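Trainee: Take a look at the following structure, please.
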Amino acid sequence: MKKTFIAIIIFLIIPFVTVCAQIQPVSSLLNRFSPLAEIIIRSLGMEDKNGNGMIDMGLDEGYEEFIQKYGTGGTLVEKQKSVDCGFHANRVMIGANNNRLEENEIVNYYYINIRFKPEFNRETDTIEGEIAAFIRANNLPLIWLDDEQGTVMNAVTRILGAGWNDPTAQRTEDEAVRLFTRALNGMNVRGRTGLPSNNGGYYTMPEMVTRRAGYCFEIAQFGHWFFSQLRINSVSVNADLTVSILHEVVRFASGRRVDFFGSSNRYNVSADNWHISNPLQSIGTYYLIKGNVSENRSIFEQAVLYDKYEISNTGRLMNNYFNNSARYHAASIINLGIFLLNNNDVSMLLNTRQLNSSMVRDQVKSILLMMLVSYNLTSSKSGCDHIAGLLETHYANDMTVKEYLYNYRL
């Protein structure tokens, strides 16, 4: 069985800081949609007029019109629930029925319920064209796009023959899966093993095809591209198989999962424990692992830009700021931490039953400790008191926490 996982980062806390300098805010990474999400949102008739990185009900941003036009269900209430349904971040559902549409809700909904439907061909063509153009013009990694030389398409066509992706063929899911399996087997794609961050990070899709090797993450991205050629909606989904194995597969809008390696077959993972990682979030995952390889801050910033609700992404950027100079970056560390606290219920995170709960607990602790030190450096007693209260509530018997509270609480 091929074992692969995305490393869960336990953030290293170091106690000291360097010289004071002007703080560069990171709010621009948080209170806006990512560039690719902006394309989707604009093309679906919405606009974030108040600049909070969400589409709000009642503020003439297109929330109501989007629900009415694209929502599924008979009544307006049913349509709203189908769209404003929340999304999983850190294995916890957030944002459901809050009269706001967050980036992941909109992007998930587009890829599952709007893309390729005949009545929405105009929107699909606009979004697909603009996203591909933006990715190529800005040298974003080709995670689920082919290169301009057609490396992936040529490799698949050599195996399946010309016309395999004829849009008029209207393939069934069974037929599509058989073609997908034939393509990967024909290319002799083998599973990569070991930590991705120890192996240079993830491949782009053309690299995976050329090197004939991929982790489950790369196979899932290939699956998204492959089924897109057949105009079948799909997203990636991932689930914890064990404490140390996070597995990713491709899933159709119908709910059917396609696991090429079969790594999840012997694990009893319920449907509810497979969580969406849409194509934009996959860019965040790619950058996170690349950042772990190089410790490059700009790469971590890209990870946050494309998946800002995940504590692994935001926490790693906070940690980079902190270890570089906590004093210089104190305001940025605080802003990132506040965003996480505002969008994640700490009690729910720490009390949710999940296989990697101990690692999540360590991540949250590290984030809170970095915030405590940063509030101390900015002489914010109210900030220190707030974070100290959370630490005392959730880590009352932790000796490291007690030491930090003694040294940094104002």
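Trainee: Scan G51, G73 and give me the residue that is modelled with pLDDT under 95 and within 22 Å of the chain's Cα centre (by Cα). Give the steps one after another, and end with the answer.
Mentor: On the way: G73 fails: within 22 Å of the chain's Cα centre (by Cα).
Just one listed residue meets the conditions, G51.
Trainee: For the range 268-286, state whether one or more residues are assigned by TED's automatic domain parsing to the domain that holds Y203 and over 25 Å from Y111 (Cα atoms).
Mentor: In the first step, residues of the range 268-286 are kept if they are assigned by TED's automatic domain parsing to the domain that holds Y203; the result is 268-286.
Within this subset, residues satisfying the condition of being over 25 Å from Y111 (Cα atoms) are 268.
Yes, the range 268-286 contains at least one residue that is assigned by TED's automatic domain parsing to the domain that holds Y203 and over 25 Å from Y111 (Cα atoms).
Trainee: Could you figure out which of (1) on the phi > 0 side of the Ramachandran plot; (2) of a type outside the set (K, R); (3) surrounded by fewer than 16 Cβ atoms within 10 Å (Cβ to Cβ) isn't true of G95?
Mentor: Against the list (1) on the phi > 0 side of the Ramachandran plot; (2) of a type outside the set (K, R); (3) surrounded by fewer than 16 Cβ atoms within 10 Å (Cβ to Cβ), G95 comes up short only on (3).
Trainee: Which residues, taken from the range 168-193, are surrounded by fewer than 17 Cβ atoms within 10 Å (Cβ to Cβ) and touching a residue at least 40 places away in the same chain (Cβ under 8 Å)? Steps first, please.
Mentor: Kept after step one, since they are surrounded by fewer than 17 Cβ atoms within 10 Å (Cβ to Cβ), are these residues of the range 168-193: 168-170, 172-175, 178, 181-182, 185-186, 188, 190, 193.
Within the range 168-193, A169, E173, T181, T193 meet the criteria.
Trainee: What's the number of the condition R136 fails, among (1) in a helix (DSSP H, G or I); (2) in contact (Cβ under 8 Å) with a residue 40 or more places away in the chain; (3) within 21 Å of the chain's Cα centre (by Cα)?
Mentor: Unmet for R136, out of (1) in a helix (DSSP H, G or I); (2) in contact (Cβ under 8 Å) with a residue 40 or more places away in the chain; (3) within 21 Å of the chain's Cα centre (by Cα): (2).
Trainee: Related question: Filter the range 373-391 for residues that are closer than 18 Å to N344 by Cα and surrounded by 14 or more Cβ atoms within 10 Å (Cβ to Cβ) and give the result. Even if it seems obvious, please write down each step before you answer.
Mentor: Step one: filter the range 373-391 for residues closer than 18 Å to N344 by Cα, giving 383, 386-391.
Across the range 373-391, the qualifying residues are G383, H386, I387, A388, L390, L391.
Trainee: Next up: Scan G214, G186, G223 and give me the residue that is touching a strand residue (DSSP E or B) at 6+ places or on another chain (Cβ under 6 Å) and either on the phi < 0 side of the Ramachandran plot or among the basic types (K, R) (or both). Talk me through it step by step, then tell me what you get.
Mentor: Values: G214 fails: touching a strand residue (DSSP E or B) at 6+ places or on another chain (Cβ under 6 Å); G186 fails: touching a strand residue (DSSP E or B) at 6+ places or on another chain (Cβ under 6 Å).
On inspection, the qualifying residue turns out to be G223.
Trainee: Scan the range 70-85 and tell me whether some residue there is within 14 Å of K308 (Cβ to Cβ) and either outside the structural domain of I127 (by TED's automatic domain parsing) or crowded, with 21+ Cβ neighbours inside 10 Å (or both). It would help to see each step written out before you state the result.
Mentor: Here is the first cut: in the range 70-85, the ones within 14 Å of K308 (Cβ to Cβ) are none.
No, every residue in the range 70-85 fails to be within 14 Å of K308 (Cβ to Cβ) and either outside the structural domain of I127 (by TED's automatic domain parsing) or crowded, with 21+ Cβ neighbours inside 10 Å (or both).
Trainee: Could you list, in sequence order, all residues of the range 88-103 that are closer than 24 Å to R361 by Cα and either touching a strand residue (DSSP E or B) at 6+ places or on another chain (Cβ under 9 Å) or among the β-branched types (V, I, T) (or both)?
Mentor: To start, the set of residues in the range 88-103 that are closer than 24 Å to R361 by Cα comprises 88-96.
Matches in the range 88-103: H88, A89, R91, V92, M93, I94, G95, A96.
Trainee: A follow-up question, please. Output the number of the condition that L369 fails; it satisfies all remaining conditions of (1) more than 15 Å from L390 (Cα to Cα); (2) modelled with pLDDT of 95 or more.
Mentor: L369 satisfies all of (1) more than 15 Å from L390 (Cα to Cα); (2) modelled with pLDDT of 95 or more except (1).
Trainee: Among the residues of the range 256-278, how many are over 19 Å from V189 (Cα atoms) and either hydrophobic (A, V, I, L, M, F, W, C) or assigned to a loop (DSSP other than H, G, I, E, B) (or both)?
Mentor: So the answer is 11.
Trainee: What number goes with the only condition from (1) surrounded by fewer than 19 Cβ atoms within 10 Å (Cβ to Cβ); (2) within 27 Å of G86 (Cβ to Cβ); (3) not hydroxyl-bearing (S, T, Y) that G150 does not pass?
Mentor: Every condition holds for G150 apart from (2).
Trainee: To continue, here is another question. Before we move on, is L355 under 25 Å from the mean Cα position of the chain (by Cα) and of a type outside the set (S, T, Y)? Working first, answer last.
Mentor: Details: under 25 Å from the mean Cα position of the chain (by Cα): yes; of a type outside the set (S, T, Y): yes.
Here the answer is yes, as L355 does meet what is asked.
Trainee: Looking only at the range 205-219, which residues are aliphatic (A, V, I, L, M) and touching a residue at least 60 places away in the same chain (Cβ under 8 Å)?
Mentor: Filtering the range 205-219 down to residues aliphatic (A, V, I, L, M) leaves 205, 208-209, 213, 219.
Matches in the range 205-219: M205 only.
Trainee: For R251, are the conditions met, namely being surrounded by fewer than 19 Cβ atoms within 10 Å (Cβ to Cβ), touching a residue at least 12 places away in the same chain (Cβ under 8 Å) and of a type in the set (D, E, K, R)?
Mentor: Details: surrounded by fewer than 19 Cβ atoms within 10 Å (Cβ to Cβ): no; touching a residue at least 12 places away in the same chain (Cβ under 8 Å): yes; of a type in the set (D, E, K, R): yes.
Answer is no for this residue.
Trainee: Considering each of Q170, Q149 in turn, give the residue that is of a type in the set (S, T, N, Q), at pLDDT below 95 and farther than 23 Å from P35 by Cβ. Give the derivation first.
Mentor: Working: Q149 fails: at pLDDT below 95.
Q170 is the lone residue from the list that is of a type in the set (S, T, N, Q), at pLDDT below 95 and farther than 23 Å from P35 by Cβ.
The values are calculated or read from the model by the stated rules, or taken from the named source; none is laboratory data. The shown structure was predicted, so the numbers you read here are calculated from the model rather than taken from an experiment. Don't worry about glycine lacking a Cβ; one is built from the backbone with ideal geometry, like all the others, and counts go over all protein chains shown.
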